[in-house]
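Data block below; observations after.
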Amino acid sequence: IKKEVYMKQVLILFSGGKDSLLSTVRYLDCGYKVYLITYDNSCGIGMKNVKSTVNRLIKKYGNDRVEFIGTKDISPIFRNFIVPFYNYKFDYIIENFGTISISQFNCLACRMAMYVASIIICKQKNISIVVDGARISQLFVIEQEKMLNKFTDFFKEYNLTIDYPVKNIESDWDLKNELLIRGIIPKSLEPQCLLGCPISKENINEELINSIGNVYDKYLKEKAIKVIENYNNINICEEFI
């Protein structure tokens with residue numbers, strides 16, 4: 001019996017950046033085998049850069065502990081989530097959801113596409129834990145505590161756990177220093193999403209967080225559930241990835 005059969009396994013949303021890198025290293029140092037997945041929404045550049053960081057991890061921990069299962073194109077799921085929302089009039093959006101930022105809606109739709117894909121992959125590979133390197137201090141609405149709690153509850157509906165191991169790290173210096181202590185050079189080549197846009201400290205507030213939460217509750221969650229159900233109802237021989 002291969003050694004990895006005895007290992008605890010985890011699926012990590014791996015961008016190759018420092019947040020996902022530290023999240024991965026923490027799990028590796030706790031004895032997990034990590035499956036790394038990179039998601040492509042077709043709105044980013046430098047996707048091939050991820051592989052350099054993956055190779056560094058494999059060199060340090062071995063390919064029996066680190067497995068890169070590839071880059072998954074989530075653009076069809078992402079498109080399904082943003083249509084028909086993009087055609088809603090502003091007065092309809094404000095009346096039904098509140099005052100939102102389009103940039104934060106894009107991030108919400110993209111992250112939910114990643115989560116839907118992760119749930120499908122976990123069911124195929126019999127993995128029970130998903131790890132996301134979300135960090136509250138990065139000032140994305142979807143990475144604030146209230147939204148992370150919503151996502152946690154969503155994964156529980158599928159008997160899965162999602163963990164945000166670096167969510168409370170505020171200082172980039174602390175993050176880099178922990179990587180150094182663990183023997184990892186904190187330099188990485190991370191793909192760049194052309195849609196991702198954090199909110200300034202002055203503009204991130206309870207009203208905006210609640211409005212994005214309303215979009216999730218009233219619009220996006222139902223669409224995400226339907227995607228998962230539709231996929232599970234199709235008899236497909238090949239794996240999702």
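The values are calculated or read from the model by the stated rules, or taken from the named source; none is laboratory data. Just so we're clear, the structure is a prediction, and the values are computed from it rather than from any experiment. Neighbour counts are summed over all protein chains in view; Cβ atoms, including those assigned to glycine, are modelled from backbone coordinates with ideal geometry. Ligands, DNA and RNA are stripped out before the accessible areas are found, and what is left, the full protein with its side chains, is counted by its heavy atoms. Shrake-Rupley method; radii C 1.70, N 1.55, O 1.52, S 1.80 Å.
Structure data summary
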{"quantity": "Under 5 Å, built H, 5+ apart or other chain: amide partners of Lys72", "calculated": "Thr38, Tyr39, Asp40"}
{"quantity": "Distance violations [Cα-Cα > 19 Å] among Lys125/Lys221; Lys89/Lys218; Lys150/Lys176; Lys18/Lys48; Lys51/Lys123", "calculated": "Lys125/Lys221; Lys150/Lys176; Lys51/Lys123"}
{"quantity": "Heavy-atom accessible area order for Ile136, Ile228, largest first, 1.4 Å probe", "calculated": "Ile136, Ile228"}
{"quantity": "Gyration tensor over alpha-carbon atoms, the chain, equivalent ellipsoid semi-axes in Å", "calculated": "30, 22, 15"}
{"quantity": "Carbon + sulfur, % of accessible area of the chain - ligands and nucleic acids excluded, 1.4 Å", "calculated": "50"}
{"quantity": "Phi to ³J(HN,Hα) by Karplus 6.51 cos²θ - 1.76 cosθ + 1.60 over the range 10-17, Hz, x for Gly, Pro", "calculated": "8, 9, 10, 6, 10, 8, x, x"}
{"quantity": "Sum of -39500 (n - 2.57) over DSSP H runs of 4+, divided by residues of the chain (222 nm, nearest 500)", "calculated": "-13500 deg cm²/dmol"}
{"quantity": "Lys187-Lys150 FRET efficiency (beta carbon distance; Förster radius 41 Å; 0.05 resolution)", "calculated": "0.75"}
{"quantity": "Computed lengthening from Asp172 to Ile225, 0.36 nm per intervening residue step minus Cα-Cα distance", "calculated": "15.5 nm"}
{"quantity": "Among Gln9, Asn55, Ser128 - extreme Cα towards positive end, dipole of the range 1-158, charges at beta-carbon", "calculated": "Asn55"}
{"quantity": "0 to 90° range, to nearest 10: angle between helix 102-125 axis and the chain longest Cα axis", "calculated": "50"}
{"quantity": "Met47 - accessible surface, heavy atoms, 1.4 Å probe, Å² rounded to 10", "calculated": "40"}
{"quantity": "The chain: angle of helix 145-156 to the longest principal axis, Cα-based, in degrees nearest 10", "calculated": "70"}
{"quantity": "Relative contact order (percent, whole number), the range 33-117, Cα cutoff 8 Å, 6+ residue spacing", "calculated": "36"}
{"quantity": "Whole-number percent relative contact order across the range 105-241, with pairs defined as alpha carbons under 8 Å at least 6 apart", "calculated": "34"}
{"quantity": "Proximal charge balance of Cys193 [Cβ under 12 Å; K/R count +1, D/E count -1]", "calculated": "-1"}
{"quantity": "About the Cα centre, charge dipole magnitude for the range 107-241 (Lys/Arg +1, Asp/Glu -1 at Cβ), debye", "calculated": "220"}
{"quantity": "Heavy-atom surface of the range 1-111, accessible at 1.4 Å and reported per residue (Å²)", "calculated": "48"}
